[in-house]
Protein chains: 2
Amino acid sequence: MKSLKPYQTYINNELIKRIDSPKYQTPKGLYEPCAYILKNGGKRVRASLVLMATKLFSQNYSQAISTALAFETFHNFTLIHDDIMDDASLRRGQQTVHVKWNTNTAILSGDAVMILAYTFFEETQEYMPKLFNLLNTTALEVCEGQQYDIDLEQADLTDSIVSERMYIRMIELKTSVLIAACLKAGAIIGGASDKDADLLYEFGRNLGIAFQLQDDLLDTYGEVQTLGKKIGGDIYENKKTFLVIKALEKLPSKESQNLIALYKSKDSSQSKYKDVIKLFDMAAVKEITEACVAEYFSRAEMCLSKVSVSHDDKVEMYNFLDDLKQRNF
Amino acid sequence: MKSLKPYQTYINNELIKRIDSPKYQTPKGLYEPCAYILKNGGKRVRASLVLMATKLFSQNYSQAISTALAFETFHNFTLIHDDIMDDASLRRGQQTVHVKWNTNTAILSGDAVMILAYTFFEETQEYMPKLFNLLNTTALEVCEGQQYDIDLEQADLTDSIVSERMYIRMIELKTSVLIAACLKAGAIIGGASDKDADLLYEFGRNLGIAFQLQDDLLDTYGEVQTLGKKIGGDIYENKKTFLVIKALEKLPSKESQNLIALYKSKDSSQSKYKDVIKLFDMAAVKEITEACVAEYFSRAEMCLSKVSVSHDDKVEMYNFLDDLKQRNF
C-alpha cells in the first residue's frame, strides 16, 4: 500500500532497535520466535495509522512512535496465538511460529510479545492513562472477537448466532477496533479534541469492517494472479463468511437447504465450488456484499470528512482510504 | 498460611467484584474460564504480600488493592498457560482450564486474564510509571523463567546447562521475582524509600528461592499425610530438581553414572525410588538442600531486618516468614 510507504522504514528501524536490545537475547528459545514474528515484515498498517493520525494534528509524529510500536507489537502477539488456534501453517509467506518451533514455544513467546507491547508502551508518557485504558479495552475486545470467531465456526449454519449482526460484530471486535484504536491513540498524542479523536475511531471502525468484508469477497470472487492464493478457499473449507450468511438469508427454502448440505460436505472438488457460486449468484451475494463494503467505506469517509483539520492535511488519510477501496489482493 | 488470613477475604471480595462486572460476561466461552481460574481460590500469596508491604509504611493499605489484584491476576494467567505447556490436569484440586475446556480456550482465556491484570492495573494512579515498569520487567522475567524450565527439562542430565547456577536462576525467574516485585510494589505504594523497597524486593527474592528448594525437598522427603500427594513424584518423572543436580555434583563417577541411568528409565516402581534415595543419601543431598534452604531464608530475614520500620510493625512479615519456614505441605 503506497500510502503507508513513508512510515514503514521508520517503523521497522525503531522496532528493530528495540527488539535487538541486549535485554531480549536470552533465553534464545523465548526471544528468537519473538524477533522472528516482529521482524517478519507485514505492512505495518497499525503502527502507520498511529503516526498518520498524530500527523493530522501535530508536526512531530515521532512522539507517537512508542505507542505505534506497542499497537503493532500487540497485533503480532495476536497473530502468533491465532495461528495456533486456527492451525495455520503460513503467515506472510513464512512458517508460523508453532510450526517452525512448536505449540508450547508459540504460546510462551506469544505471551512475551504481548508483554513487549506493554513494555514499549512505557515510553508513552503524558497521555499514559488515557492511552492505557484504550489499549487494554481494545486488547480485551480483540480476544472477544477471536472467541466469537470460534463460536461462529463451531456453530451450525442454522444456529441463530450465525447471523449478519453477529458476523459484523465478530469482525468489528477481531479486526476493526484495533485499527480504530490506533487512529484514536495517534489523534490523542497529536493533541486532537475528544470529538476528533472519536471521529477517527469511527473512521477506523468502519474502515476495518469494510476491509474484512472485502476479504470475504476477494477470497471467492478475486483473481488468482492478484490475490496470490487459490480462489474459493473459504468455500472449500466451509468457512462461515458474510457471503454464505447473506445467501442463506436471501435464498428460497429449497436452495437454502442445498447450500447447507454443500457446507456440510468435506468435498473439495471444483464442482462444489461451482454449485456454491451458482447459489451465491442466485442470491446476488456479490452485489449485496459490494454494496455493503461501499456503505462502510462511505461511513468511514463521512467520519474523516468531519475531522476538523484542512482537507489538504487529510490527503494522506484519503489516499490510504483509496488504497483500501481499490485493493484486489 | 495463618499469616495471610487477614487479607484473603478482602482480596477475594475485591477480585470477585471486578470479574463479576457486566463488562466481563460475554462471550461466555472467553470469560467463564477466566472467572473459573480467578475464583478458584489459591492462597492469594502475591496479593497479600502487596498489601502487607504497603501496611509496613502506611495505615491505608486499601490504596494498594488494585496493584495487588493486578499481580495476583497476572500470576493466574501464568498458571493457565503453564498448565497447557506442562500438560497438567489438576490445579488447586480442580481440573485445569485446558482439560475442562480445551487448549484453544486455555490459550485465549489465558491471554484475556493477562489483559485483565493490566486492566486492574489502570486503577494504580500516582505510582503508575514506576509500578508499570516493575510489572512489565517482572512479567518478561517470568516468561524467561518458564523458558529456562523448558530448556532444563529438555536437556540431558550431563548437559552443561544442568547446573546449580542455572537451576537457581530458573526458579528465581519463574517464581521469586514475582514475589519480590509484589513486595516492592507494596512498599512503593506505601511510600517507602528506594532503599527499603529494594530490601523488600531482596527479601522476596531470597524467600522465593528458599520456597522452591523446599518444594523439591518436600516432594522427595515429605510426609504423604501432610503433603497431600504421593511422595517421590519428581523422581518417578525424572524431573531435574535441585536434589539430583546436587547429587550428580557430589557423587563419585560410578554412582553418578548409576543415577544418570536411573533418570533415563521410565520405571516407576518403588525400587527405582529406593535406588535413587540411596544415591541421594550417599551424596547427603537432603542435608545439603536443607542447609541451602536455611541459607536463603536467613538472607531473606537479614533483608527484612534492615527495613527501616520498627520490629513491631514487621511482626506480620516475620510471621509469614515463619509460616514458610515451618511448612510441611
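The values are calculated or read from the model by the stated rules, or taken from the named source; none is laboratory data. Worth saying up front: this structure is predicted, and the values here are computed from it rather than measured. Here the Cβ is made from the backbone with ideal geometry for all residues, glycine too, and neighbour counts use every protein chain on show.
The table for this structure:
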| item | result |
| --- | --- |
| Residue tally, condition within 13 Å of chain A (Cβ to nearest Cβ) and touching a helix residue (DSSP H, G or I) at 6+ places or on another chain (Cβ under 6 Å), over the stretch B:153-176 | 3 |
| Single condition A:Gln146 does not satisfy, out of (1) crowded, with 16+ Cβ neighbours inside 10 Å; (2) among the polar types (S, T, N, Q); (3) within 26 Å of A:Glu32 (Cα to Cα); (4) more than 9 Å from every other protein chain (Cβ to nearest Cβ) | (4) |
| Yes/no for A:Leu140 being assigned to a helix (DSSP H, G or I) and more than 8 Å from every other protein chain (Cβ to nearest Cβ) | no |
| Count of the stretch B:20-57 residues which are hydroxyl-bearing (Ser, Thr, Tyr), in contact with a Phe, Trp or Tyr (Cβ under 8 Å, 6 or more places away or on another chain) and not in a helix (DSSP H, G or I) | 0 |
| Residue among B:Lys286, B:Lys230, B:Lys240 that alone is in contact (Cβ under 8 Å) with a residue 12 or more places away in the chain, surrounded by fewer than 19 Cβ atoms within 10 Å (Cβ to Cβ) and touching a helix residue (DSSP H, G or I) at 6+ places or on another chain (Cβ under 9 Å) | B:Lys286 |
| Criterion (at pLDDT 95 or above and small (Gly, Ala, Ser)) met by exactly one of B:Ser160, B:Ser193 | B:Ser193 |
| Matching residues, the stretch B:270-314, being in a loop (DSSP other than H, G, I, E, B), under 27 Å from the mean Cα position of the chain (by Cα) and more than 30 Å from B:Ser193 (Cβ to Cβ) | B:Ala284 |
| Candidate set from the stretch B:223-256 (those that are of a type in the set (A, V, I, L, M) and not in a helix (DSSP H, G or I)); member that is farthest from B:Leu213 (Cα to Cα) | B:Leu251 |
| Filter result for the condition that a residue is closer than 30 Å to B:Tyr263 by Cβ, touching a Leu at 6+ places or on another chain (Cβ under 8 Å) and in a helix (DSSP H, G or I), over B:Leu207, B:Leu157 | B:Leu207 |
| In the stretch A:61-118, residue nearest to the other protein chains (Cβ to nearest Cβ) [restricted to those that are at pLDDT below 95 and part of a helix (DSSP H, G or I)] | A:Asp86 |
| Enumeration of residues in the stretch B:119-137 that are facing another protein chain (nearest Cβ under 7 Å) and either in a loop (DSSP other than H, G, I, E, B) or touching a helix residue (DSSP H, G or I) at 6+ places or on another chain (Cβ under 6 Å) (or both) | B:Thr119, B:Glu122, B:Asn136 |
